[in-house]
Amino acid sequence: MKRFWKDVAVVAQDGSWAIELDGRPVRTPARAALVVPTEALANAMAEEWRSVGEEIDPRGMPLTGLSNAAIDRVAPERQAVAGGLARYAEADLACYRSDWPPELVERQKTGWDKLLSWARRRYDVDFSTTSGLIHVPQPPATVEQLSQAVAAQDSFRLAGLSPLVTTGGSLIAALAVLEKAMSVEQAWQAVSIDERWQLEQWGVDSEAEKALENKHRDFFAAAEFLSLLDL
């Protein structure tokens, strides 16, 4: 789709904010009004629209995309979306450790123990960890507490949490970013330990590097989206 507008404006609407292109309101793919809860998010989205070249590239407009998702996909089925994210509590990345080689074991311990320690304090829960890929059940109280933490979020925060959880494989890391208990860079370093280790061991792999770059982009965009909801 080619760019068809010249001017981009942010317009206040009863405590929310909308984007207008040449005086016309932007709508979501489902034709709902694209209205967001904070002026900071609206301004950042407006910059995405201003930065569009001759053709629209959705990959260059992650904040707009997440807002669309919040309105079109999450809001109509908020409980189902929350439930899907909460299921990551049953098999969080941080609970599944390698037993070899020692260097990787130590990296996982350093990065993932911090996540689990924070979650233990924050939610008064405990975790079962294991070496290998065999599923280990988490205590029911842990799953329930983390599920409640997810269910308490509104549609926009669930839309931002979703790529953090699915990209990183860790609900705990996503919640730590949401609650500002950990910087997005710290969380990324933790959830990308295995992939970065593989690249170090096997050398240059353009496809693997590209995949990791894409995950990095999505992870950081989601974190930025969440931060703009608090401004």
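A short reminder: the numbers here are calculations on the coordinates, not readings from a lab. These numbers were taken from a predicted model, which means no experiment stands behind them. All Cβ positions, even for glycine, are placed from backbone atoms using ideal geometry, and neighbour counts span all protein chains on display.
Some observations on this one:
- Of every Cα-Cα pair in the range 109-224, the percent that sits beyond 16 Å: 63 percent
- Residue order for VAL11, VAL74, VAL204, fewest other beta carbons within 10 angstrom first, comes to VAL204, VAL11, VAL74.
- Ranked by the mean number of other Cβ atoms within 10 Å per residue, highest first, peptides 213-226, 93-106 order as 213-226, 93-106.
- Helical mean residue ellipticity (222 nm; -39500 (n - 2.57) per DSSP H run of 4+; nearest 500) of the chain: -17000 deg cm²/dmol
- Binned Cα-Cα distance frequencies in the range 8-76 - 10 Å width, integer %: 22, 59, 19, 1
- Between ARG59 and ASP7, the modelled label-to-label distance comes to 3.3 nm, taking each label 7 Å out from Cα in the direction of the beta carbon.
- Alpha-carbon gyration tensor eigenvalues x 5, square-rooted, for the chain, Å: 35, 22, 13
- Partner lysines for LYS109 [C-alpha distance under 28 Å; skip if fewer than 8 residues away on the same chain]: LYS180, LYS210, LYS215
- If you wrap the Cα atoms of the range 3-131 in a convex hull and average its projected area over all directions, you get 11.7 nm².
- FRET efficiency, 1/(1 + (r/R0)^6) with R0 25 Å, evaluated for ASP230 and ASP22 via beta carbons: 0.25
- For peptides 156-168, 30-42, 123-135, sequence by mean Cβ density within 10 Å, most packed first: 156-168, 30-42, 123-135
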